[in-house]
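Okay, structure first, notes after.
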Amino acid sequence: MARHDGRRVGELRPVEIIRGFTSLAHGSALIRCGHTHVLCTASWVSGIPKWKAPESGGWLTAEYDMLPGSTGQRRQRNRYRVDGRTVEIQRLIGRVLRAVVDFEALGENTLLLDCDVLQADGGTRVTAITGAYVALNDAVRYGLRERLIRESPVREAVAAVSVGRLGNRTLLDLDYKEDKQADVDLNVAMTGSGRFVEVQGTAEQAPFTRAELDKMLQLASRGIRKLQAAQAGALRKRR
């Protein structure tokens, strides 16, 4: 049985990654996963947080937000107070990207990733992770050209996808309509070597079994492999 948008249960939404989408950021990528569009930029900042010891190398952190026109009803900007959901998502993005970065290779520098949702139709956090990896790599290439670093700090690829249970079906890459009806919602981040960085799972309607979890992880792994192929394809293209 086809999904409401015609996809098969294990099929990703159409993915497009436009590398170098902006010209002034040290690294940038616009990623489109179906109707979810996220602009990811990466910037070099001299120095490290005060709490971090210089001998432990550099740092990477992330910020995330949804722009006012990204949803059907205008969303207020996070000008003075960042809401809990936004904080949780930007911490997730930072954790996942830090898992594949060698801090010592960064020197006493910070890489700041900004992920701004232009249009939301489910899966914004996993889409941001996948696009931020591409922006990060472009920023690293800038750092090598400008001799900010001597070697790439990126050890391997990382991407993320959502998967869930809706009725008796396990679905890959849920859009908003599917996500809000899902019995189980799972966000998975995985490296190029097949190791999991983050697995966020919640039984929204009904608890799930170990066998169902294994099936969701297997489906997520296959989807992430395809996303990593899209990342690699974007990074091979000349700017």
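Quick note: the coordinates plus some simple rules give every number you see, no bench work behind them. What you see is a predicted model, and the numbers here were worked out from it, not measured in a lab. Heads up, the Cβs are rebuilt from the backbone with ideal geometry, glycines too, and the neighbour counts pull from every protein chain shown.
Summary table below
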| item | result |
| --- | --- |
| Full-stretch length increase - Lys237, Gln119 - with 0.36 nm per residue and alpha-carbon distance subtracted | 40.0 nm |
| Residue of Arg155, Arg95, Arg85 that the Gaussian network model of the chain assigns the largest fluctuation, springs spanning Cα pairs under 10 Å | Arg85 |
| Fluctuation leader among Leu112, Leu144, Leu171 - the chain, Gaussian network, Cα springs under 10 angstrom | Leu144 |
| Local electrostatic count at Arg150 - Lys and Arg +1, Asp and Glu -1, tallied over other residues with Cβ under 14 Å | -2 |
| Dipole magnitude of the chain about its Cα centre (Cβ charges: Lys, Arg +1; Asp, Glu -1), debye to nearest 20 | 460 debye |
| Trypsin sites (Lys or Arg not before Pro) restricted to the range 1-59 and DSSP loop, no more than 15 other C-beta within 10 Å | Arg8, Lys50, Lys52 |
| The range 49-136: GluC sites (Glu not before Pro) in DSSP coil with no more than 16 other Cβ atoms inside 10 Å | Glu108 |
| Label corresponding to semi-axes √(5λ) of the Cα gyration tensor in Å when calculated from the structure given, among (i) 32, 18, 14; (ii) 30, 19, 18; (iii) 28, 21, 18 | (ii) |
| For the range 164-239 and the range 23-95, distance of Cα centres in Å | 21 Å |
| Net charge contributed by nearby residues that have their C-beta within less than 13 Å of Gly192 (K/R +1, D/E -1) | +3 |
| Degrees, to the nearest 10: 84-98 long Cα axis against longest axis of the chain | 60 degrees |
| Gaussian network model of the chain, Cα within-10 Å springs - most flexible of Gln73, Gln205, Gln181 | Gln73 |
| Neighbour count of at most 14 Cβ within 10 Å plus DSSP loop: longest chymotrypsin sites (Phe, Trp or Tyr not before Pro)-free window in the chain | 81-239 |
| Summed side-chain charge close to Glu204 - residues other than Glu204 whose Cβ falls under 11 Å, Lys, Arg +1, Asp, Glu -1 | -1 |
